[in-house]
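These notes are about the structure you will find just below.
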Amino acid sequence: MWRKIVLLARMVKIEHSIFALPFAYLGMLWAAGGWPGWRVFIALTVAMVAVRSFAMAVNRLADLPIDAKNPRTLTRPLVTGEIGVAETRVFIAVSAAVFVAACWFLNPLCLMLSPAALVWSGLYSFTKRFTALCHFFLGSVLGLAPLAGWLAVSPAVEMAPVLLALGVTFWVGGFDILYACQDVEFDRSEGLHSLPALLGVGPALAVSTFSHVVTSLFFLLAGWASGAGLVYLAVCLAVAAILLLEHRLISEQDMSRVNLAFFTLNGFVAVFLFAGAVLDTVLG
């Protein structure tokens, strides 16, 4: 049983929850003006981990025929048979049920929106079949995180979480383009859509850089809309510098450090921005 749990966690890359959770917490923090209480914090955490696990498992199941052909993905548990298709379907159903239950604990609006959130998060797996903008569709899925955090506390959408959601959308879209540069030839051979496959690696990297410039602007605007102070402003400028460093690590001629840029630096961006917002709230 423990081995299966480890394999399921590996299948959905549970450690990548670090990309979305800090932004959900940031939306929660801004909506509450501080600590919202343990009930909201725990229910929001469970909901976010559950919906992300649901989306990743749907993605792995939908991409199983593709992953079985791609040398980069041959060791994934669903491809190797360490996890079965039936087990994955059960995991998807359980994750969806846990998500809906967590939304029920939050408030009626979150519960009402939970089916739409599940559908939207599951759709990403199929967008690469028909659009090169799939990276930004994925970004919009993670962009729901700050909105979810806000709605968990205050069932009314305001400008700050919307601007933050747009920032997250471009942030994720930008680094997903970097990740897709690894599969340019494979995507073209399989008729899959991505910006690197459509434009080539060089132009795609330029789009990624532009996306992260837009990200930095939206993060700043979100702080302005929420009434954040100088600490948050300073952290936003530091985040912009980190994103610039990310693009200095990668070039069309050298993609060897793509995993460092994709996971390590972007995970740090999410945590650092949230930590800055917490400090700004405490000092403010």
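Observations, loosely collected:
- Failed criterion for L195 (all others in (1) modelled with pLDDT under 95; (2) over 24 Å from L147 (Cβ atoms) hold): (1)
- Among the residues of region 184-207, those that are open to solvent by less than 50 Å² (accessible area, probe 1.4 Å), out of contact with any Lys or Arg (no Cβ under 7 Å at 6 or more places or on another chain) and in a helix (DSSP H, G or I) comprise V184, F186, D187, L195, P196, V201, G202, A204, L205, V207.
- Filtering region 72-113 to residues that are part of a helix (DSSP H, G or I), free of Cβ contacts under 8 Å to residues at least 12 places away in the same chain and either in contact with a strand residue (DSSP E or B) (Cβ under 7 Å, 6 or more places away or on another chain) or open to solvent by 50 Å² or more (accessible area, probe 1.4 Å) (or both) leaves T80, A86, V90, A93, V94, A97, W104, L111, M112.
- Filter pass, V213 being within 26 Å of C103 (Cα to Cα) and either not in a helix (DSSP H, G or I) or not basic (K, R) (or both): no
- Top-ranked residue of region 265-284 - restricted to ones that are more than 20 Å from the chain's Cα centre (by Cα) and surrounded by 15 or more Cβ atoms within 10 Å (Cβ to Cβ), ranked as modelled with the lowest pLDDT: T281
- Among the residues of region 114-145, those identified as open to solvent by 20 Å² or more (accessible area, probe 1.4 Å) and hydroxyl-bearing (S, T, Y) are Y124, T131, S140.
- Taking first residues from region 27-47 that are under 12 Å from C110 (Cβ atoms) and open to solvent by 40 Å² or more (accessible area, probe 1.4 Å) and partners that are polar (S, T, N, Q) and assigned to a loop (DSSP other than H, G, I, E, B), no Cβ contact under 7 Å between residues at least 6 apart in sequence or on separate chains turns up.
- Hits in region 127-144 - residues which are outside any loop (DSSP other than H, G, I, E, B), closer than 19 Å to Y25 by Cβ and small (G, A, S): G139
The values are calculated or read from the model by the stated rules, or taken from the named source; none is laboratory data. Keep in mind the model is a prediction, meaning the values are calculated, not measured. A quick note on method: Cβ atoms are made from the backbone with ideal geometry, for glycine too, and the neighbour counts reach across all protein chains shown. Surface areas here come from the heavy atoms of the whole protein model, side chains and all, with no ligands, DNA or RNA. Shrake-Rupley method; radii C 1.70, N 1.55, O 1.52, S 1.80 Å.
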